[in-house]
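Novice: Dropping a structure here in structure tokens format, bear with me for questions.
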Amino acid sequence: MWHQRADVVVVGTGVAGLVAALAAHRRGRKVVVLSKAADTATFYAQGGIAVVLPDTDDSIDAHVADTIAAGAGLCDADAVRSIVADGYRAVRELVDDGARFDEAEPGRWSLTREGGHSRRRIIHSGGDATGAEVQRALDHAGATLDIRRNHVALQILQSGGAVTGVQVLNEDGPGIVHAPSVVLATGGLGHLYSATTNPEGSTGDGIALALWAGVPISDVEFIQFHPTMLFDGHASGRRPLITEAVRGEGGILLDRQGNSITRGIHPMGDLAPRDVVAAAIDARLRETGDPCAYLDARAITDFDRRFPTVTAACRAAGIDPTSQPIPVVPGAHYSCGGVVTDVYGRTDLAGLFAAGEVARTGMHGANRLASNSLLEGLVVGGRAGRAAAQHANDAAPAHAELGDVETRVALPRNKLQRAMSTYASVVRDADGLQQLARELEAADPRDLDGRASFEDVALTTTACAVTAAALARNESRGCHHRSDFPDTDPALAHSQVFAAACC
Ligand SMILES: Cc1cc2nc3c(=O)[nH]c(=O)nc-3n(C[C@H](O)[C@H](O)[C@H](O)COP(=O)(O)OP(=O)(O)OC[C@H]3O[C@@H](n4cnc5c(N)ncnc54)[C@H](O)[C@@H]3O)c2cc1C
């Protein structure tokens, strides 16, 4: 067993992790950054970052109102305002770290619009390659950081109600990084499902790590399905996304017969919030038996220049988006819930912080508004890094010890993904969720002998939490749609919190 020491351990090298690590490092702390995978969701972000720019017709009030409307009664209004109001400052900091955004004219950023936004307020880069630019800039700024690749965080260690470090697995085997502050920035959980827009490392690790440490999680039933994941005949793994900005620029959603899918469903039509559009597509596909819907973007001028990433993904699948409609299906995309934190990333456990997609700050409620996640990662990542640095400064030196580890169980990954895709997808019902719970109960004990087995265990723990939360919410709200409870129940306008693994 190897041992190392740090003031702050950051788990994750996406937007939230690198911004947190840089913030703690710039406060003079010894920071160790762990990453298990080469890819991040951050790299794949397309549409952009929602931010209110000064000297425009936009306002913090308008962005807050749009975010809260999408969140369907579960946003924490103070958290939303705090994060939105800090957005422009955080974006300027990213620019100081080297990020560049597309300009409409020299000195003025080009703004696009996405579903649920009442204004054009999305800044973007390289057309539809915003995440790649954010990642490039942060990787470059983070070159001075101590980043350990192929290191998997297995367990948060604690003693006397405070964090003492992280148990880690690398090529030398298991070890411990002793530290008084740990920031979880582990991203999402898309690989609970057979097909997802998420990179291969998005296996819900942070939620599982929190639950095993007895730290509350919330709102995990709210998994956003992006309405337009490219349908290229492949049904598993990471699938390319067709950014919502394509609809923002005039792309329209049609069924195979050429009928609009969203007409009469919502006043914002194809730019309605994502859950509405995804559920409309799901319903139309069930009704017609068609395998996919179509996004007709042929009327958009200069499509390939404005959307080079989408164009490349379509062409790789043998589709020319400038001359034919793009086949699409809804795909698992974003976890609105996660580890409960305040807007500084603080969890219930002293010394444990969380930021980015793994965290539940109250910003997204029951449904995230498009392009609000990079914003949240930037703002809360920075705050969590500063808070973790401060905590490390104030806390006694940490000495971590491995306690007794409970037996961990896992379903084989394919089986778990099939069950989640069948029973806990865009639309759920009690019968299906109960069947899913029974399948999860059959999970067998699994040794944590490598990254894959750890991920299987994390996926199973996270799936159990999602299933329990989805079963307990007997209503439809935000991106949680129950066919047996199609209406929203005003009596259920509150978040559910879980503080222990249920399998
Ligand atoms: C295709 C796509 C397009 C998107 N487009 C947009 C957009 O336009 N605008 C927007 O705001 N949002 C968008 N999103 C969402 C947004 O990109 C993500 O929510 C955000 O980037 C998440 O950042 P993060 O730092 O929390 O996690 P990530 O960027 O996913 O990083 C997670 C990190 O944690 C590491 N990790 C995980 N578990 C462990 C472990 N156990 N041990 C060690 N390391 C671990 C991973 O290796 C990785 O380094 C998009 C997402 C996708 C998938």
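The values are calculated or read from the model by the stated rules, or taken from the named source; none is laboratory data. Note that this is a predicted model, so its numbers are computed, not measured. So basically every Cβ, Gly included, is an ideal-geometry build from the backbone, and we count neighbours across all protein chains shown. All accessible areas refer to the heavy atoms of the entire protein, side chains included, with ligands and DNA or RNA removed. Shrake-Rupley method; radii C 1.70, N 1.55, O 1.52, S 1.80 Å.
Novice: In the range 161-204, what count of residues is obtained for those that are under 17 Å from Leu349 (Cβ atoms) and touching a helix residue (DSSP H, G or I) at 6+ places or on another chain (Cβ under 6 Å)?
Specialist: Residues meeting the conditions: 6.
For (1) in contact (Cβ under 8 Å) with a residue 24 or more places away in the chain; (2) surrounded by 23 or more Cβ atoms within 10 Å (Cβ to Cβ); (3) within 13 Å of the ligand (Cβ to nearest atom); (4) under 22 Å from Tyr334 (Cα atoms), each residue gets a yes or a no:
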| position | (1), (2), (3), (4) |
| --- | --- |
| Ala65 | yes, no, no, yes |
| Arg92 | no, no, no, no |
| Arg119 | yes, no, no, no |
| His124 | yes, yes, yes, yes |
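Novice: Among the residues of the range 209-220, is there at least one that is of a type in the set (Asp, Glu) and open to solvent by 10 Å² or more (accessible area, probe 1.4 Å)?
Specialist: Just the residues of the range 209-220 that are of a type in the set (Asp, Glu), to begin with: 219.
Going one step further and asking which of them are open to solvent by 10 Å² or more (accessible area, probe 1.4 Å), we end up with none.
No, the range 209-220 contains no residue that is of a type in the set (Asp, Glu) and open to solvent by 10 Å² or more (accessible area, probe 1.4 Å).
Novice: Something else: Only one of (1) out of contact with any Asp or Glu (no Cβ under 7 Å at 6 or more places or on another chain); (2) assigned by TED's automatic domain parsing to the domain that holds Val182; (3) assigned to a loop (DSSP other than H, G, I, E, B) fails for Glu406. Which number is that?
Specialist: (2)
Novice: Among the residues that make up the range 11-30, is at least one of them touching a Lys or Arg at 6+ places or on another chain (Cβ under 8 Å), among the charged types (D, E, K, R) and within 16 Å of the ligand (Cβ to nearest atom)?
Specialist: no
Novice: Here are some residues: Arg113, Arg108. Which one is away from the ligand (no atom under 14 Å from the Cβ) and either of a type outside the set (Val, Ile, Thr) or farther than 16 Å from Gly48 by Cβ (or both)?
Specialist: Details: Arg113 fails: away from the ligand (no atom under 14 Å from the Cβ).
Answer to the check: Arg108.
Novice: While we're looking at this one, here's another question. Select from the range 137-164 the residues that are open to solvent by 50 Å² or more (accessible area, probe 1.4 Å), under 21 Å from Ala24 (Cβ atoms), within 14 Å of the ligand (Cβ to nearest atom) and not in a strand (DSSP E or B) and list them in ascending order.
Specialist: Asp139 - this is the single residue of the range 137-164 that is open to solvent by 50 Å² or more (accessible area, probe 1.4 Å), under 21 Å from Ala24 (Cβ atoms), within 14 Å of the ligand (Cβ to nearest atom) and not in a strand (DSSP E or B).
Novice: Kindly list the number of the only condition in (1) among the hydrophobic types (A, V, I, L, M, F, W, C); (2) within 16 Å of the ligand (Cβ to nearest atom); (3) surrounded by 21 or more Cβ atoms within 10 Å (Cβ to Cβ) that fails for Ala79.
Specialist: (2)
Novice: Got at least one residue in the range 473-491 being in a strand (DSSP E or B) and among the hydrophobic types (A, V, I, L, M, F, W, C)? Can you show your working first?
Specialist: Start the filter on the range 473-491 by keeping residues that are in a strand (DSSP E or B), which leaves 477, 480-482, 485.
Among the residues that remain, those that are also among the hydrophobic types (A, V, I, L, M, F, W, C) are: 485.
Yes, the range 473-491 contains a residue that is in a strand (DSSP E or B) and among the hydrophobic types (A, V, I, L, M, F, W, C).
Novice: Residues that are touching a residue at least 24 places away in the same chain (Cβ under 8 Å), closer than 17 Å to Ala16 by Cα, within 14 Å of the ligand (Cβ to nearest atom) and more than 15 Å from the chain's Cα centre (by Cα): does the range 171-181 have at least one? It would help to see each step written out before you state the result.
Specialist: Here is the first cut: in the range 171-181, the residues touching a residue at least 24 places away in the same chain (Cβ under 8 Å) are 172-181.
Now drop any that are not closer than 17 Å to Ala16 by Cα, which leaves 181.
Next cut, within 14 Å of the ligand (Cβ to nearest atom) only: none.
No, the range 171-181 contains no residue that is touching a residue at least 24 places away in the same chain (Cβ under 8 Å), closer than 17 Å to Ala16 by Cα, within 14 Å of the ligand (Cβ to nearest atom) and more than 15 Å from the chain's Cα centre (by Cα).
Novice: Do you know which residues across the range 31-48 are assigned to a strand (DSSP E or B) and near the ligand (Cβ under 6 Å from one of its atoms)? Walk me through how you get there before you give the answer.
Specialist: Step one: of the range 31-48, the residues assigned to a strand (DSSP E or B) are 31-35.
Of everything in the range 31-48, those that are assigned to a strand (DSSP E or B) and near the ligand (Cβ under 6 Å from one of its atoms) turn out to be Leu34, Ser35.
Novice: While we're here: Filter the range 243-256 for residues that are touching a Ser or Thr at 6+ places or on another chain (Cβ under 8 Å), away from the ligand (no atom under 16 Å from the Cβ) and in a loop (DSSP other than H, G, I, E, B) and give the result.
Specialist: Within the range 243-256, Asp255, Arg256 meet the criteria.
Novice: Quick one: in the range 417-454, of everything that is charged (D, E, K, R) and assigned to a loop (DSSP other than H, G, I, E, B), which residue is nearest to Asp282 (Cα to Cα)?
Specialist: So in the range 417-454, the residues charged (D, E, K, R) come out as 418, 428-429, 431, 438-439, 441, 444, 446-447, 449, 451.
Of the ones still in play, those that are also assigned to a loop (DSSP other than H, G, I, E, B) are 429, 446-447, 449.
Details: Asp429: 14, Arg446: 35, Asp447: 38, Asp449: 39 Å.
Filtering the range 417-454 for residues that are charged (D, E, K, R) and assigned to a loop (DSSP other than H, G, I, E, B), the one nearest to Asp282 (Cα to Cα) comes out as Asp429.
Novice: Run Arg482 past the list (1) closer than 21 Å to Gly201 by Cβ; (2) surrounded by 21 or more Cβ atoms within 10 Å (Cβ to Cβ) and report the number of the one that doesn't hold.
Specialist: Single failed check for Arg482: (1).
Novice: Let me ask something additional. Any residue in the range 388-416 that is closer than 19 Å to Asp342 by Cβ sitting within a Cβ distance under 7 Å of a residue that is among the β-branched types (Val, Ile, Thr)? List the pairs, counting only those 6 or more apart or interchain.
Specialist: Cβ pairs passing all conditions: Ala388/Val8; Ala388/Val183; Ala389/Val8; Ala392/Val8.
Novice: Next question, about the same structure. Looking for whichever is farther than 22 Å from Ala501 by Cα and outside the structural domain of Ala24 (by TED's automatic domain parsing) here; the options are Ala210, Ala195. Which one fits?
Specialist: Among Ala210, Ala195, only Ala195 is farther than 22 Å from Ala501 by Cα and outside the structural domain of Ala24 (by TED's automatic domain parsing).
Novice: Give me the pairs: first residue in the range 129-149 and without any contact (Cβ under 8 Å) to a residue 60 or more places away in the chain, second residue open to solvent by less than 70 Å² (accessible area, probe 1.4 Å), beta-carbon distance under 6 Å, and six or more apart or on different chains, which are they?
Specialist: Qualifying pairs under 6 Å: Glu133/Ala99; Glu133/Ser125; Glu133/Gly126; Ala137/Asp97; Ala137/Gly98; Ala137/Ala99; His140/Gly98.
Novice: Another question about this same structure. So if I check each of Ala430, Ala332, Ala359, Ala355, which one is hydrophobic (A, V, I, L, M, F, W, C) and away from the ligand (no atom under 15 Å from the Cβ)?
Specialist: Numbers: Ala332 fails: away from the ligand (no atom under 15 Å from the Cβ); Ala359 fails: away from the ligand (no atom under 15 Å from the Cβ); Ala355 fails: away from the ligand (no atom under 15 Å from the Cβ).
Being hydrophobic (A, V, I, L, M, F, W, C) and away from the ligand (no atom under 15 Å from the Cβ) holds for just one of Ala430, Ala332, Ala359, Ala355, which is Ala430.
Novice: Please go through the range 257-293 and give me each residue that is in contact with a Pro (Cβ under 7 Å, 6 or more places away or on another chain) and in a loop (DSSP other than H, G, I, E, B), ordered by number. It would help to see each step written out before you state the result.
Specialist: Initial filter on the range 257-293 (in contact with a Pro (Cβ under 7 Å, 6 or more places away or on another chain)): 274, 277-278, 281-282, 292.
Scanning the range 257-293 gives a single hit, Cys292.
Here's the yes/no breakdown for (1) closer than 21 Å to Ala195 by Cβ; (2) within 21 Å of the chain's Cα centre (by Cα); (3) among the β-branched types (Val, Ile, Thr):
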{"site": "Glu249", "(1), (2), (3)": "no, no, no"}
{"site": "Leu271", "(1), (2), (3)": "no, yes, no"}
{"site": "Ala279", "(1), (2), (3)": "yes, yes, no"}
{"site": "Ala317", "(1), (2), (3)": "yes, no, no"}
{"site": "Asp320", "(1), (2), (3)": "no, no, no"}
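Novice: Give the residues of the range 402-421 that are surrounded by fewer than 11 Cβ atoms within 10 Å (Cβ to Cβ) and touching a strand residue (DSSP E or B) at 6+ places or on another chain (Cβ under 7 Å), sorted by residue number.
Specialist: Passing the criteria: only Thr407.
Novice: Does Glu475 qualify as being open to solvent by 10 Å² or more (accessible area, probe 1.4 Å) and over 21 Å from the mean Cα position of the chain (by Cα)? Give the derivation first.
Specialist: On the way: open to solvent by 10 Å² or more (accessible area, probe 1.4 Å): no; over 21 Å from the mean Cα position of the chain (by Cα): yes.
So Glu475 fails the test.
Novice: Being surrounded by fewer than 21 Cβ atoms within 10 Å (Cβ to Cβ) and of a type outside the set (Lys, Arg) narrows it down to one residue among Gly87, Gly28, Gly71, Gly48; which is it? If you could, list the steps in order and put the result at the bottom.
Specialist: On the way: Gly87 fails: surrounded by fewer than 21 Cβ atoms within 10 Å (Cβ to Cβ); Gly71 fails: surrounded by fewer than 21 Cβ atoms within 10 Å (Cβ to Cβ); Gly48 fails: surrounded by fewer than 21 Cβ atoms within 10 Å (Cβ to Cβ).
The unique qualifying residue is Gly28.
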